Amino acid sequence: MKVTGEQLYSKLVDDYKVIGETGIINFTLKDLTISIETKDTVGNLLQEWLKAWMKKESVEFEENTNSQTFPDFHLDKENRKKGLLEVKSFDWKRGPGFDLANFDSYCNSLLESAYRIDSDYLILAYQMEGSQITIKDVWLKKIWELSCPSGTYPIKVQEKKQVIYNLRPGVWYSERSRFKPFSSKEEFLSALNETRYQYPQTRHGNGHWLNNVLRNYEAHTGVSLDVK
């Protein structure tokens with residue numbers, strides 16, 4: 001069964017009703033079974049569970065053979081420009097601390113594969129007590145609906161010793177967040193471009209970056225974006 005990201009989300013949340021459900025994480029080696037109470041494996045386990053669930057539901061997909069490259073899944077096996085799905089998870093009590101993408105790699109990828117900006121992010125928030133996890137909420141978002149400005153740059157990033165490493169999400173689900181998510185892909189691209197101008201390592205080579213991304217996006221999608 002071929003589905004879009006929106007249809008997959010609806011099957012998982014509305015039909016399967018995964019929100020509020022619980023799971024137990026155990027590990028067995030020979031005759032000894034232990035309960036896993038650390039959170040460092042939860043993200044990978046949830047992604048593996050999602051893959052098994054999609055197979056059970058006869059959902060068509062193809063997993064990326066390289067777990068370090070984008071995306072996690074292709075929901076459209078014929079058209080690799082559509083149906084791109086990234087899966088993220090986070091501890092509900094701590095808030096979203098995952099990376100949206102590597103800053104340099106993402107910016108460079110948009111020059112050749114600007115359609116990537118339309119990818120879906122399926123995000124699962126969990127709460128862990130002992131070895132039991134509870135799914136607290138699930139979202140399907142675009143990258144601009146997760147990203148937001150920050151006090152340092154026009155877009156929120158992970159920066160260490162004045163080096164930008166990753167694009168980071170805001171707290172998109174909280175009304176109390178100081179910085180709200182971007183309202184459109186155009187606003188997101190504008191903030192990304194302005195950040196590249198402010199960041200010393202990309203400032204000098206940034207003159208044509210945005211125009212090249214916009215041309216590439218139109219070449220792939222037929223849609224002309226107007227970014228100020």
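The values are calculated or read from the model by the stated rules, or taken from the named source; none is laboratory data. As the structure is a prediction and not an experimental result, all values here were calculated from the model. No Cβ is skipped: glycine too gets one built from the backbone with ideal geometry, and neighbour counts run over all protein chains shown.
Below are the figures for this structure:
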item	result
Hits in the stretch 41-61 - residues which are of a type outside the set (K, R) and closer than 14 Å to M1 by Cβ	W53, M54, E57, S58, V59, E60, F61
When residues of the stretch 1-57 are limited to those that are within 21 Å of K77 (Cα to Cα) and aromatic (F, W, Y), the one farthest from the chain's Cα centre (by Cα)	W53
For Y9: the one exception among (1) of a type in the set (S, T, Y); (2) in a helix (DSSP H, G or I); (3) modelled with pLDDT under 95	(3)
Per-region count, the stretch 74-110, residues in a strand (DSSP E or B) and either of a type in the set (F, W, Y) or within 14 Å of the chain's Cα centre (by Cα) (or both)	10
Residue match in the stretch 182-195 (condition: closer than 20 Å to K81 by Cα and among the polar types (S, T, N, Q))	yes
Conditions (1) in contact (Cβ under 8 Å) with a residue 40 or more places away in the chain; (2) under 30 Å from G222 (Cα atoms); (3) among the polar types (S, T, N, Q); number of the one not met by N26	(2)
Filter pass, P181 being buried (at least 21 other Cβ atoms within 10 Å of the Cβ) and more than 18 Å from S105 (Cα to Cα)	yes
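This table checks each residue for (1) touching a residue at least 40 places away in the same chain (Cβ under 8 Å); (2) charged (D, E, K, R); (3) under 30 Å from I36 (Cα atoms).
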position	(1), (2), (3)
E86	no, yes, yes
L124	yes, no, yes
G130	yes, no, yes
K161	no, yes, no
